[in-house]
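Laboratory data are not the source of any read-out in this text; all were calculated from the coordinates shown. Keep in mind that what you see is a predicted model, and the values were worked out from it rather than measured. For neighbour counting, all protein chains shown are included, and Cβ atoms are generated from backbone atoms with ideal geometry for every residue, glycine included.
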Amino acid sequence: MELAPAPSNFFGNYQMERELGRGGMGTVHLAKDIGLNRTVALKILRSDLGQDAGFSKKFLEEVEITASLAHPNIIRVFTLGEQEGRLYLVMEHLDEPSMEQRMEKHGKLPERDVLEIGIGIASALQFAHEETGLIHRDLKPGNILFGRGKIPKLADFGLAAGARSALQQQDEIWGTPYYVSPERLLRQPEDVRSDIYSLGATLYHALAGRPPFDAETAEEVARRHISDRPPPLRSFCPHAQEQTVFTLDKCLNKDPEARWSNYEDFIRQMADALRRNTPEI
């Protein structure tokens, strides 16, 4: 007896309800896990990424490592695998707007909120690196989500790290490079200081209402990351306190040796800036 085909809105054991977003690597859907009766975020990678057996094996190995991470500021990955030649991840779904959506709505975010986000995401990066030795390589506002109590959560950690490792950093800029470190653009070795640069660029954007470098083309944005200094933060956010300006300036130095060399010092500096920040009444 021939089995009837599965309904078109099903992907394996997941019933897709609507698309949440799409990027260079695939599409994210709001879905229901039929087996466990829970709502999840289902990320299905591009079909061509699953056609290379070497890539699939390495990718799944790397993502499995980061999927084991348990940290309050990292999105939980429930499962990962391959379905009909398509690689996929099943993650916790959060109802709150992403950092990118908050920035699109409000333009600029309050300095106190930005510092709290920075501390949370830097803590997630520090934990992940200490546990796995991997770096994220795709930090941007769209990958910072929020849980209950507006707790910032880093998404796509395993996806970004696993994909870069599996593809051996082939010559492709993944998306518009508003937050990409100069060494990545120059195809030089990356380490935690590269993620610190990208997080600094993200926090700068949230405070200034614009990224550190902007231009009509991705190529020009990339060139400016390599050769230009970002405009002074206070030219867009005149009331930013000195401690915050100093912290982000150090993040965005072209020379990795001149940036924060570890998360402990970076987090301590942001926490000090947060203590000095007076909540708005």
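A few comments on the model shown:
- The equivalent ellipsoid of the stretch 189-278 has semi-axes of 22, 18, 9 Å, largest first, where each one is the square root of 5 times an eigenvalue of the Cα gyration tensor.
- For the stretch 48-59, 3J(HN,Hα) per residue [Karplus equation, 6.51 cos²θ - 1.76 cosθ + 1.60, θ = phi - 60°, Hz, x = Gly/Pro]: 5, 6, x, 7, 9, 4, x, 4, 4, 5, 5, 4
- Note on the chain: GNM, Cα springs under 10 Å; of His136, His225, His106, the largest mean-square fluctuation is that of His106.
- Spin-label pair Asn9/Ala70, simplified geometry with 7 Å Cα→Cβ offset, distance in nm: 3.5
- Folded to 0 to 90 degrees: helix 242-251 orientation relative to the chain principal axis, Cα: 50
- Here the label points at Arg234 and Phe246, each 7 Å from Cα along the C-beta direction, are separated by 1.3 nm in the simple model.
- Rounded to the nearest 500, the 222 nm mean residue ellipticity of the chain from helices alone is -12500 deg cm²/dmol, with -39,500 (n - 2.57) taken per DSSP H run of at least 4 residues.
- Likely footprinting exposure, Met16, Met99, fewest C-beta neighbours within 10 Å first: Met16, Met99
- Lys254 versus Glu104: modelled label distance in nm, points set 7 Å from Cα along the beta carbon direction: 3.3
- Efficiency of FRET between Glu264 and Glu220 - r from beta-carbon atoms, R0 30 angstrom, step 0.05: 0.25
- Full-stretch length increase - Asp272, Thr132 - with 0.36 nm per residue and alpha-carbon distance subtracted: 47.6 nm
- Taking the Cα centre of the chain as origin and assigning +1 to Lys and Arg Cβ atoms and -1 to Asp and Glu Cβ atoms, the resulting dipole is close to 600 debye.
- At q = 0.10 Å⁻¹ the log10 of I(q)/I(0) for the stretch 99-276 amounts to -0.34, computed by Debye summation with a single uniform scatterer per C-alpha, solvent ignored.
- Relative exposure of Leu87, Leu94, judged by other C-beta atoms within 10 Å (fewest first): Leu94, Leu87
- The chain: angle of helix 218-227 to the longest principal axis, Cα-based, in degrees nearest 10: 40
- Under 18 Å from the Cα of Lys108 - lysines, other chains or at least 8 residues apart: Lys140, Lys150
- Exposure proxy for Thr247, Thr79: other Cβ atoms within 10 Å of each Cβ, ordered fewest to most, give Thr79, Thr247.
- Rounded to 10°, Cα long-axis angle of helix 111-132 versus longest principal axis of the chain: 60
- Hull-based mean projected area of the stretch 12-92, where the convex hull spans the alpha carbons, in square nanometres: 5.5
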